[in-house]
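**Student:** Attaching a single structure in C-alpha cells format; questions to follow.
The values are calculated or read from the model by the stated rules, or taken from the named source; none is laboratory data. Quick caveat, the model's predicted, so the values are computed rather than measured. Here the Cβ positions follow ideal geometry from the backbone for every residue, glycine too, while neighbour counts run over all protein chains shown.
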C-alpha cells in the first residue's frame, strides 16, 4: 500500500505544475492572481461536492465539527496562500524554480514536524541520512536558481 501512496503523492506533485500553469492562464485572462486563485477553489469545491454526492458521504454531526481544534481550520488559509502565491510567482520564477522552492520549503517544514511529531504526525527523529538528503536537495535548489 505504501507504493500506491508514494505513486499518488508523486503524481499529485507533478499535477501541481499543471495547476500553476492553468491558474496562470486564468490570471492573465482576468488580470488578477487572487481572482484566478478564487476560481481554482470554486472549481475545486464543486468537484469535491460532486464526489461527496456521488459516493453518498454522510456529513458529520455538529458536535464532530465543533470538536475540530481551531488551528486545524488554518489549512484552507495555507492552501489559498499557496495557490495565490504560485499563480503570482510562477511567471516570474518559472515552473522548475517555483516547484523546487516549494519542495524545499515543504522539506524543511516536514523535517521539523517529523522530528518533533507535531500536528498529528508520528515522531521520526532526524538522522544523518535524512539531513544529507535535505542538504542535497537544497544544493539542487541552489543549482536550479543560479
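**Student:** I'd like the full set of residues that are outside any helix (DSSP H, G or I) and more than 30 Å from residue 33 (Cα to Cα), limited to the range 87-118.
**Tutor:** Residues of the range 87-118 outside any helix (DSSP H, G or I): 94, 117-118.
Within the range 87-118, 117, 118 qualify.
**Student:** Take residue 24 and decide whether it is touching a helix residue (DSSP H, G or I) at 6+ places or on another chain (Cβ under 8 Å), closer than 30 Å to residue 133 by Cβ and at pLDDT 95 or above.
**Tutor:** Numbers: touching a helix residue (DSSP H, G or I) at 6+ places or on another chain (Cβ under 8 Å): yes; closer than 30 Å to residue 133 by Cβ: no; at pLDDT 95 or above: yes.
For residue 24, the condition - touching a helix residue (DSSP H, G or I) at 6+ places or on another chain (Cβ under 8 Å), closer than 30 Å to residue 133 by Cβ and at pLDDT 95 or above - is not met.
**Student:** Which condition number in (1) without any contact (Cβ under 8 Å) to a residue 24 or more places away in the chain; (2) within 18 Å of the chain's Cα centre (by Cα) is the one that residue 108 fails?
**Tutor:** Result: residue 108 passes all but (1).
**Student:** Working only within the range 119-142, note down all residues that are closer than 29 Å to residue 87 by Cα and either over 19 Å from the mean Cα position of the chain (by Cα) or assigned to a helix (DSSP H, G or I) (or both).
**Tutor:** 133, 134, 135, 136, 137, 138, 139, 140, 141, 142 - these are the residues of the range 119-142 that are closer than 29 Å to residue 87 by Cα and either over 19 Å from the mean Cα position of the chain (by Cα) or assigned to a helix (DSSP H, G or I) (or both).
**Student:** Can you say whether residue 72 is closer than 21 Å to residue 101 by Cβ, under 17 Å from the mean Cα position of the chain (by Cα) and surrounded by 10 or more Cβ atoms within 10 Å (Cβ to Cβ), as far as the supplied structure shows? I'd like the intermediate steps shown before the answer.
**Tutor:** Details: closer than 21 Å to residue 101 by Cβ: no; under 17 Å from the mean Cα position of the chain (by Cα): yes; surrounded by 10 or more Cβ atoms within 10 Å (Cβ to Cβ): yes.
Spelling it out, it is not the case that residue 72 is closer than 21 Å to residue 101 by Cβ, under 17 Å from the mean Cα position of the chain (by Cα) and surrounded by 10 or more Cβ atoms within 10 Å (Cβ to Cβ).
**Student:** Taking only pairs six or more apart or across chains, which ones have beta-carbon atoms under 7 Å, a first residue in the range 119-146 that is at positive phi, and a second residue that is surrounded by 10 or more Cβ atoms within 10 Å (Cβ to Cβ) and modelled with pLDDT of 95 or more?
**Tutor:** Within 7 Å, the pairs are 119/113.
**Student:** Just the residues that are out of contact with any helix residue (DSSP H, G or I) (no Cβ under 9 Å at 6 or more places or on another chain) and in a loop (DSSP other than H, G, I, E, B), please, taken from the range 33-57.
**Tutor:** 55, 56
**Student:** Residues 127, 114: which one is surrounded by fewer than 12 Cβ atoms within 10 Å (Cβ to Cβ), out of contact with any strand residue (DSSP E or B) (no Cβ under 8 Å at 6 or more places or on another chain) and modelled with pLDDT of 95 or more?
**Tutor:** Values: 114 fails: surrounded by fewer than 12 Cβ atoms within 10 Å (Cβ to Cβ).
When all the criteria are applied, what remains is 127.
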